[in-house]
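To keep things clear, I will list the structure first and then write my remarks on it.
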Amino acid sequence: NAPLAEIDPEIAQVLDRELDRQRGFLEMIASENFVPVSVLQSQGSVLTNKYAEGYPGRRYYGGCEEVDVAEELAIERAKALFGAKFANVQPHSGATANAAVLHAIARPGDTLLGLSLDQGGHLTHGMKINFSGRLYNIVAYGVDPETSVIDMDEVHRLAVEHKPKVIIAGWSAYPRQLDFARFRAIADEVGALLWVDMAHFAGLVAAGVHPSPVPHAHVVSSTVHKTIGGPRSGFILTNDEDLAKKINTAVFPGQQGGPLMHVIAAKATAFKLAATPEFKERQERVLRGAHIIAERLSQADVAGAGITVRSGGTDVHLVLVDLRNAEIDGKQAEDLLHEIHITVNRNAVPNDPRPPMVTSGLRIGTPALATRGFGDAEFTEVADIIALALQPGADVPALRTRVAALTAAFPLYPDLRH
Ligand code: PLP
């Protein structure tokens, strides 16, 4: 039982260097966040030792009395946080939650209608070589090429034409709120089930700063590690008792064996924190930060660098930058921002003229920096740094110095060492 640094110095160094990287860079990948130390504690705890196949009170293993308490807490807190009647907190990740949802509500060969990957959808919503694309008949809707907004009339037209079993509303790269009521009306009209994947915006929903899909959808799935800022994992909600039973069976034994009880305990803590006024205040900073970045990057376009913001702004935690008319492409922009110690990811824009490994877009998110403590002043500075970085002839060392001033002012995990 010697410490990690002694047993495996190579891995210990990875942990330390990664901690340094997280401290020294501005993390702006829209799907990432920083978990609180309390969540790290559960995830690094003895609960990782426990097998607990089944559900609380109905396990296939002995010795589950303590992990039962953790899972019950996670379930009750998820239900209360999102106002849902049933919650399954066992999915190991967002993708496995989605696999379980489809396992519960569709049969291989059924038709699914979802947002296409290259327009902002997720792999599990029907990408060709994902299980969803291989097992189901996929019909995809997109965004309007002019406005970058989902055209609900097109969703309606495709639903009437293809009569899908499931309509999927949810996204990985989309800067606007979805019209859940309209999605549900379309689903009802064609006899489909509405599944909302709120993986990205769940934290905003929990804080009440984004409409909730729960009253509209038959099933809602999510991750816990994006805007919620909890452990890397997933969960599923429904208000329908019959669907709840099918979902439980689909997760275990349908998809998974033993649940990750250390992660489930950490989910319980994350849901507890997400119900606090501090969490709401943080999500408000997330939204304002994204708004500030969208606004100031739109002004950069005025300077003539050909940079625009897709859909003209944002009402969530991310901004999609369109570089189709800029000299710099998505890959170069990602690399350049990395050089000044800002981490983002390049992202294809609809009908992208550049290849998928290059792209003409960037996805920039604010959740992790809001967790780090950033407010309007810091997001304004970040926006200005990014705008300058994307112009031809950017002064990289000067911008890196401005980033360093921000990271120094907001220490991350100050007491942590591996
Ligand atoms: N659903 C959506 C909308 C996502 O954006 C993601 C993650 O990128 C997932 C599901 C999958 O989550 P995970 O990476 O935990 O499998």
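No value in this document is a laboratory result; all are computed from the given coordinates. The model shown is predicted, which means the values in this text are computed figures rather than measured ones. Methodologically, a virtual Cβ is constructed for each residue, glycine included, from the backbone with ideal geometry; neighbour enumeration extends over all protein chains shown.
Of the candidates Ala199, Ala217, the single residue that is crowded, with 21+ Cβ neighbours inside 10 Å, over 16 Å from the mean Cα position of the chain (by Cα) and within 16 Å of the ligand (Cβ to nearest atom) is Ala217. Restricting to the stretch 91-113, name every residue that is in contact with a strand residue (DSSP E or B) (Cβ under 8 Å, 6 or more places away or on another chain), within 25 Å of Asn239 (Cα to Cα) and more than 10 Å from the ligand (Cβ to nearest atom). Once the filter is applied, which keeps residues that are in contact with a strand residue (DSSP E or B) (Cβ under 8 Å, 6 or more places away or on another chain), within 25 Å of Asn239 (Cα to Cα) and more than 10 Å from the ligand (Cβ to nearest atom), the stretch 91-113 yields Ala100, Val101, Leu102, Ala104, Ile105, Ala106, Asp110, Thr111, Leu112, Leu113. Here Val224 meets each of (1) crowded, with 24+ Cβ neighbours inside 10 Å; (2) among the aliphatic types (A, V, I, L, M); (3) over 23 Å from Val67 (Cβ atoms) with one exception, condition (3). Within the stretch 119-170, the set of residues being within 14 Å of the ligand (Cβ to nearest atom) and more than 24 Å from Gly191 (Cβ to Cβ) comprises Gln119, Gly120, His122, Leu123, Met127, Asn130, Phe131. Restricting the stretch 316-369 to residues that are small (Gly, Ala, Ser) and more than 15 Å from the chain's Cα centre (by Cα), the residue that is nearest to Leu117 (Cα to Cα) is Ala348. Looking for something in a helix (DSSP H, G or I) and polar (S, T, N, Q) - is there at least one such residue anywhere in the stretch 86-96? Yes: the stretch 86-96 contains one or more residues that are in a helix (DSSP H, G or I) and polar (S, T, N, Q).
Listed here are the residues, each with its yes/no results for (1) farther than 30 Å from Leu318 by Cα; (2) touching a strand residue (DSSP E or B) at 6+ places or on another chain (Cβ under 6 Å).
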position: Ser38; (1), (2): no, no
position: Pro56; (1), (2): yes, no
position: Glu65; (1), (2): yes, no
position: Phe82; (1), (2): no, yes
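The number of residues in the stretch 97-117 that are under 21 Å from the mean Cα position of the chain (by Cα) and crowded, with 19+ Cβ neighbours inside 10 Å comes to 10.
If you go through the stretch 381-406 and pick out every residue that is of a type in the set (Val, Ile, Thr) and crowded, with 17+ Cβ neighbours inside 10 Å, you end up with 4.
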